[in-house]
1. Starting from the stretch 259-275, keep only residues that are within 15 Å of residue 298 (Cα to Cα) and charged (D, E, K, R), then list their pairs with residues that are open to solvent by 10 Å² or more (accessible area, probe 1.4 Å) and not in a loop (DSSP other than H, G, I, E, B) whose Cβ atoms are within a distance under 8 Å, requiring at least 6 positions of separation or different chains.
2. Is it the case that residue 184 is over 25 Å from residue 266 (Cα atoms) and part of a loop (DSSP other than H, G, I, E, B)?
3. Going through the stretch 212-256 one residue at a time, which ones are open to solvent by 20 Å² or more (accessible area, probe 1.4 Å) and charged (D, E, K, R)?
4. Which pairs have Cβ atoms under 6 Å, sit 6 or more apart or on different chains, and link a residue in the stretch 241-255 that is more than 21 Å from residue 201 (Cβ to Cβ) and modelled with pLDDT of 95 or more to one that is of a type in the set (Lys, Arg) and open to solvent by less than 10 Å² (accessible area, probe 1.4 Å)?
5. I want to confirm something. Restricting to the stretch 12-44 and keeping residues that are modelled with pLDDT under 95 and hydrophobic (A, V, I, L, M, F, W, C), which single residue is most open to solvent (accessible area, probe 1.4 Å)?
6. Looking at the stretch 140-155, can you tell me whether even one residue there is under 22 Å from the mean Cα position of the chain (by Cα), outside any helix (DSSP H, G or I) and within 21 Å of residue 196 (Cα to Cα)?
7. Filter the stretch 60-92 for residues that are part of a helix (DSSP H, G or I), among the small types (Gly, Ala, Ser) and either surrounded by 16 or more Cβ atoms within 10 Å (Cβ to Cβ) or in contact with a Phe, Trp or Tyr (Cβ under 8 Å, 6 or more places away or on another chain) (or both) and give the result.
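The values are calculated or read from the model by the stated rules, or taken from the named source; none is laboratory data. As the structure is a computational prediction, the values presented were derived from the model and not from experiment. Positions of Cβ are backbone-derived with ideal geometry, glycine not excepted, and every protein chain shown enters the neighbour counts. Heads up: the accessible areas ignore ligands, DNA and RNA and are worked out on the full protein's heavy atoms, side chains in. Shrake-Rupley method; radii C 1.70, N 1.55, O 1.52, S 1.80 Å.
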Amino acid sequence: MKITQVRLGRLSVPLRVPFKTALRRVDQVNDIVVELHTDTGAVGYGEAPPTGPITGDTAGGIVGAIRELIAPVILNQEVDEFETLTAKVQKAGVHNTSAKAAVDMALWDLYGQLHNIPVHKLLGGARRTLVTDITISVNPPEEMAKDALDAIARGYDCLKVKVGDDPALDTARLAAVRKAVGNDVCIRIDANQAWTPRQAVRILNEMQDKGLALELVEQPVAAADLEGLAYVTRNSWVPVMADESVFSPADAMKIFQTRAADYVNIKLMKCGGITNALRIASAAQVYGVECMIGCMLEAKIAVNAAVELACARSIITRVDLDGPVLCSVDPIQGGARFDEKHITVSDDPGLGIHGIDPGYFFEKK
């Protein structure tokens, strides 16, 4: 099986409701889709969202990186030279992690198809089902409480609540959500780098003093402030998860070695795809640090790839893969089945993606 063509397109899907964090507001998914075509007729699919505030990637940057840096090193190459191919992708220029992630997952898709095995089985996975949380966007307290109740009515029992755009309101927001949903619902919060270290400790301890019973806080301080992250981890009554601080396996190792966080969030778009995500998960296993698998508000192709990984690694104990259920429709044919909080991985070869509804997909050669 030889790669003969790299095609790119844009996937555009409206969200059910606006997605709002301390960093951005999003009204619809606008992702770049990669199709790797082969001489056998097999097609490998990948996807990447332009998430400038987090990864620095724009749509034009993703397209340019794939066309100018990545495509030239994989065209006319045999898919069975898999380790060489994935290494070439990671070495194709610096940064551009989202572009690399899209091509990397498409290569895993082709490799699974070549050997007629699902990617999660290729990785040795035993799990077939996952349970995800759902995100509650940052809004006024009463609106967040209503959104939380709506999520509970849809069957969710774990909420990822966004905070941080107005720290003075954050405790009131969480108090309103906890009062609305009761004490049996898991609540984890995500500050998206919004607080200073001292501010984070004060707010988090105040929340626990009020009996809000938070499971964890994700990325309370700036991504580059590992000393500040460690300060919060040492002094907060709420366990700390590193997210934007971890882009690469090397970043993860720093967190593990210094114990700067209690947990790590693995996202394919930050680390460059399944290949590097596996390295982070393997290092986490060695250090005994549990991981979450997360996404960047992606549609189902990319989230599906994350599902395949999560089903294969027991160190991934928490799942934040709600991108597809936040979309108003699912235009992706095949792949994992998302039934609200329940995710069931596909047993079709590769990633199990069969195509895209043309009403939401705009293809470019």
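1. 270/54; 270/55; 270/97
2. Yes; evaluated as a whole, the condition is true for this residue.
3. Matches in the stretch 212-256: 215, 225, 227, 234, 251, 254.
4. 247/270
5. That would be 17.
6. no
7. 61, 65, 71
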